[in-house]
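Chemist: Got a structure for you, written out below as structure tokens; questions coming shortly.
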Amino acid sequence: MKATSGWRLFACLLGSVVLCAGANQSQAQNPPPADHPSVTVRGQTYTPRSILARNMGSEADRVTQFQPHKIIGNIYYVGTTTLSSFLIVTPQGNILIDSTYEVNAPTIAKSVADLGFKFSDTKILLGNHAHGDHQEGDAMMKQMTAAQVMAMAEDVPALRDMKPGGKEHPIDKILHDGEAVTLGGTTLVAHLTPGHTRGCTTWTTTAQEGGKSYNVMFGCSLRPPGVVTPEVEKELTGSFKTVRALPCDVQLGDHGAQYNMREKFAKMKEGAPNPFIDQSTCTMEADIEEAMMKALLAEQQQAARP
Ligand SMILES: [Zn+2]
């Protein structure tokens, strides 16, 4: 979603003056999405408004450090309570997926350090999709780490428009559907899953734990916009199919609620099975958002009837 002035003011009060210079530039005064239609998936009822609230949490949730933790193998969570940021550690430096809002840059750097890694070892910065809550901080992160910023071609125009404090959005390499990014023996594959944005990217990799290899999927948002155009319907329909076909043992997402992050984190215990290895949530987001897209389309068709 786009920023609203309330949270931004709050975040700026917490953050530094420098980080907040020009903070209002990329924001839009979006009204909250409608509280209809409603869909029930796996016993839970959702509306467009409730899904957004589930994703974003409170203003404080977006800028408050969530306890950084290992997910599996060389993959760690370094985001806030509701905005995901993932660190992938390799012997040749680290990969970061999602800078989130620019005000969160020091928080993410702290989370990396709290885990015992160096933020300055960040060599590659990747993104989930071209919305401010996931990639607004890219320019700041590049200043802090000199990481190479890579972006899916279809999201490049939207990223170029993202200029916090007037800073140009850095893009060092343009990626295409199916392209692999490799560093220090770890390979991530970029899958184009458009609809929420044109270049929404689902990343996949494998991680090793206990002598076994697991498929890890960093899901992109599949949330339909308020008005589902034929183009968006076509894009999302293809994306639901793509996501369901990807190998997945560990599902992650751009907001923790998309994979029950808090519930899984609470179950982490020495000697217990890793709660993040859980195929049951792999298609959860596709199921919810496909039901919502169909309900929105039905509502639109009903409204268009004379
Ligand atoms: Zn978004």
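The values are calculated or read from the model by the stated rules, or taken from the named source; none is laboratory data. Nothing here was measured: the structure is a model prediction, and the numbers come from that model. Because the Cβ atoms are built from the backbone with ideal geometry, glycine has one as well, and the counts that use them run over all protein chains shown.
Chemist: Looking for something among the acidic types (Asp, Glu) and over 26 Å from residue 146 (Cβ atoms) - is there at least one such residue anywhere in the stretch 86-98?
Modeler: no
Chemist: Among (1) within 16 Å of the ligand (Cβ to nearest atom); (2) of a type in the set (Phe, Trp, Tyr); (3) within 16 Å of residue 259 (Cα to Cα), which single condition is residue 76 missing?
Modeler: Evaluating residue 76 over (1) within 16 Å of the ligand (Cβ to nearest atom); (2) of a type in the set (Phe, Trp, Tyr); (3) within 16 Å of residue 259 (Cα to Cα) leaves (1) as the failure.
Chemist: Taking the stretch 180-195 on its own, how many of its residues are within 16 Å of the ligand (Cβ to nearest atom) and either touching a Leu at 6+ places or on another chain (Cβ under 6 Å) or among the β-branched types (Val, Ile, Thr) (or both)? Steps first, please.
Modeler: First pass over the stretch 180-195, keeping only residues within 16 Å of the ligand (Cβ to nearest atom): 192-195.
Now drop any that are not either touching a Leu at 6+ places or on another chain (Cβ under 6 Å) or among the β-branched types (Val, Ile, Thr) (or both), which leaves 193, 195.
Within the stretch 180-195, residues that are within 16 Å of the ligand (Cβ to nearest atom) and either touching a Leu at 6+ places or on another chain (Cβ under 6 Å) or among the β-branched types (Val, Ile, Thr) (or both) number 2.
Chemist: Picking from 70, 123, 142, which residue would you name as being among the charged types (D, E, K, R), away from the ligand (no atom under 16 Å from the Cβ) and not in a strand (DSSP E or B)?
Modeler: 142
Chemist: Here's something else I'd like to know. Return the pairs, sorted by first residue and then second, in which the second residue is surrounded by 11 or more Cβ atoms within 10 Å (Cβ to Cβ) and at pLDDT below 95, the first residue lies in the stretch 222-233 and is more than 13 Å from residue 34 (Cβ to Cβ), the beta carbons are less than 8 Å apart, and the residues are 6+ apart or on different chains.
Modeler: What qualifies is 232/225.
Chemist: Right, something else. Among the residues of the stretch 105-135, how many are among the charged types (D, E, K, R) and farther than 21 Å from residue 159 by Cβ? Full working, then the answer.
Modeler: Step one: list which residues in the stretch 105-135 are among the charged types (D, E, K, R), which gives 110, 114, 118, 121, 123, 133.
With farther than 21 Å from residue 159 by Cβ added as a condition, the list becomes 110, 114, 118, 121.
Within the stretch 105-135, residues that are among the charged types (D, E, K, R) and farther than 21 Å from residue 159 by Cβ number 4.
Chemist: Could you give every pair whose Cβ atoms fall below 8 Å, whose first residue belongs to the stretch 174-201 and is in a strand (DSSP E or B), and whose second residue is crowded, with 16+ Cβ neighbours inside 10 Å and acidic (Asp, Glu), counting only separations of at least 6 or pairs across chains?
Modeler: Close Cβ pairs (under 8 Å, with a partner that is crowded, with 16+ Cβ neighbours inside 10 Å and acidic (Asp, Glu)) amount to 189/179; 190/177; 190/179; 191/177; 192/154; 192/177; 201/155.
Chemist: Same structure, new question: Take the residues in the stretch 213-227 that are surrounded by fewer than 20 Cβ atoms within 10 Å (Cβ to Cβ) and at pLDDT 95 or above, then tell me which one is nearest to the chain's Cα centre (by Cα).
Modeler: Across the stretch 213-227, the extreme among qualifying residues is 215.
Chemist: Report the residue count in the stretch 263-283 for those that are touching a residue at least 40 places away in the same chain (Cβ under 8 Å), assigned to a loop (DSSP other than H, G, I, E, B) and within 20 Å of the chain's Cα centre (by Cα).
Modeler: The total comes to 4.
Chemist: Now, a different point. Among the residues of the stretch 250-270, is there at least one that is modelled with pLDDT of 95 or more, touching a Lys or Arg at 6+ places or on another chain (Cβ under 9 Å) and more than 16 Å from the ligand (Cβ to nearest atom)?
Modeler: Checked the stretch 250-270: at least one residue is modelled with pLDDT of 95 or more, touching a Lys or Arg at 6+ places or on another chain (Cβ under 9 Å) and more than 16 Å from the ligand (Cβ to nearest atom).
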